[in-house]
1. Would you work out the Kirkwood radius for the stretch 5-62? I mean one over the mean of 1/r across all pairs of different Cα atoms, in Å.
2. Each residue of the stretch 44-58 in turn: what ³J(HN,Hα) in whole Hz from Karplus with 6.51, -1.76, 1.60 and θ = phi - 60°, glycine and Pro shown as x?
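Please treat every number below as a calculation from the coordinates, not as lab data. Quick caveat: nothing in here was measured; it's all calculated off a predicted structure.
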Amino acid sequence: MTRKSPARRLPAGPDRDEVAADLKEKYDAGASIRELAEETGRSYGAVHRLLGEAGATFRARGAATREKAAA
């Protein structure tokens, strides 16, 4: 049987707002949700939830890839 690492709980209160704002800043600068999840050790869903709470405008699927290819 494999052991999973314990789940990381999302912070509460002002700490949560600070984490969400930091993630939003990086997302707005072009980082993908998957990159942010890997960087922070959180799940895709947790990062997506925090970005939504921070008021991020989500890009269309694959949008960043298409923009890079056009450049």
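1. Answer for the stretch 5-62: a Kirkwood hydrodynamic radius of 11.5 Å.
2. So the Karplus estimates, Gly and Pro as x, are 4, x, 5, 5, 4, 4, 5, 5, x, 5, 7, x, 5, 8, 6 Hz.
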